[in-house]
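> Attaching a single structure in structure tokens format; questions to follow.
Quick note: the coordinates plus some simple rules give every number you see, no bench work behind them. These numbers come from a predicted model, not from an experiment. Here the Cβ is made from the backbone with ideal geometry for all residues, glycine too, and neighbour counts use every protein chain on show.
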Amino acid sequence: MKIIKRILFAILGIMALALIVALFLPKDYTIQREIVINQPSDSVYNYLKYLKNQDNFSVWAKTDPNMKKTFIGTDGTAGAISAWKSTNENVGVGEQEIKKLTEGERVDFELRFKIPIETTDKAYFSTESISTNETKVRWGYDGHMPYPMNLMMPFIGMDKMIGKDLQQGLDNLKVILEK
């Protein structure tokens, strides 16, 4: 009986220590990737501001070809929403809304995931003219992992996991826009 008590106290101690450590770990994370596209800045920006165009280059949009998509509002303007519903656990259910457009420079989104995990995060595209026919595109993602789930962040590798999808999407975008 003493051994069982010691094991139980050890397990409780480890759990308490983990919860205390989680109090001091970050809950927010930022991931961004960038690429240079050989096209004028206004052409790149005008392509990126439309939610429907993401279906052509985003890795997540291509994960489930059978997902149901709906669009609400005027695409390419603040308030436009792209919603998706999929039975694929890697896609789930959610929506993306254009929150703000800075003409020729940046498009800010709010991502609202509903299934498999309910959370709201932010993302953006920014464009920067390097020369007449070169544009730097940055795709950023700002996420939040609440306490005590933030304890998993050092082990999950959010930057690597999400970053590879952002980079692949940018690579796809480059191919499309440089045709």
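> Is segment 36-85 rounded, prolate or oblate when judged by the Cα gyration tensor, a ≥ b ≥ c being the square roots of its eigenvalues, rounded requiring a/c under 1.5 and prolate requiring a/b larger than b/c?
Values: a/c = 3.98, a/b = 1.39, b/c = 2.87.
Oblate shape, in that a/c is at least 1.5 and b/c is the bigger or equal ratio.
> Take each of the peptides 139-146, 66-73, average the number of other beta-carbon atoms within 10 Å over its residues, and list them starting from the highest.
Working: 139-146: 17.4, 66-73: 12.6.
Top of the packing list down: 139-146, 66-73.
> If you don't mind, another one. On a 0 to 90 degree scale, rounded to 10, what angle separates helix 158-177 from the longest Cα axis of the chain?
The angle comes out at about 10 degrees.
> Classify segment 1-92 from the C-alpha gyration tensor, please: rounded if a/c falls under 1.5, else prolate or oblate depending on whether a/b exceeds b/c. Mind showing how you got there, number by number?
Values: a/c = 3.61, a/b = 2.40, b/c = 1.51.
Judged from the Cα gyration tensor, segment 1-92 comes out prolate (a/c at least 1.5, a/b above b/c).
> While we're looking at this one, here's another question. For the chain, what does the helix formula give at 222 nm: sum of -39500 (n - 2.57) over DSSP H segments with n ≥ 4, over the residue count, nearest 500 deg cm²/dmol?
Details: 6 runs with 64 residues, N = 179.
Estimated from H runs of four or more residues: -10500 deg cm²/dmol.
> Using only alpha carbon pairs under 8 Å that are at least six residues apart, calculate the relative contact order of the chain and give it in whole percent. Present the calculation step by step, with values, prior to reporting the outcome.
Working: 324 pairs, mean separation 53.7, N = 179.
Over the chain, the number comes to 30 percent.
> Taking GluC sites (Glu not before Pro) that fall in a DSSP loop and have at most 16 other Cβ atoms within 10 Å as cut points, what is the longest piece of the chain between them?
Of all site-free stretches, the longest is 1-88.
> For Cα pairs less than 8 Å apart in space and 6+ apart in sequence, what is the mean separation divided by the residue count of segment 121-179, i.e. the relative contact order in percent? Working shown, then result.
Working: 36 pairs, mean separation 15.2, N = 59.
Relative contact order of segment 121-179: 26 percent.
> How big is the charge dipole of the chain about its Cα centre, in debye rounded to the nearest 20, if each Lys and Arg gets +1 on its Cβ and each Asp and Glu gets -1 on its Cβ?
Working: 23 positive and 22 negative charges, 177 e Å.
With Lys and Arg at +1 and Asp and Glu at -1, about 840 debye.
> Around GLU105, under 15 Å between beta carbons, what's the net of Lys plus Arg minus Asp minus Glu among the other residues?
+1
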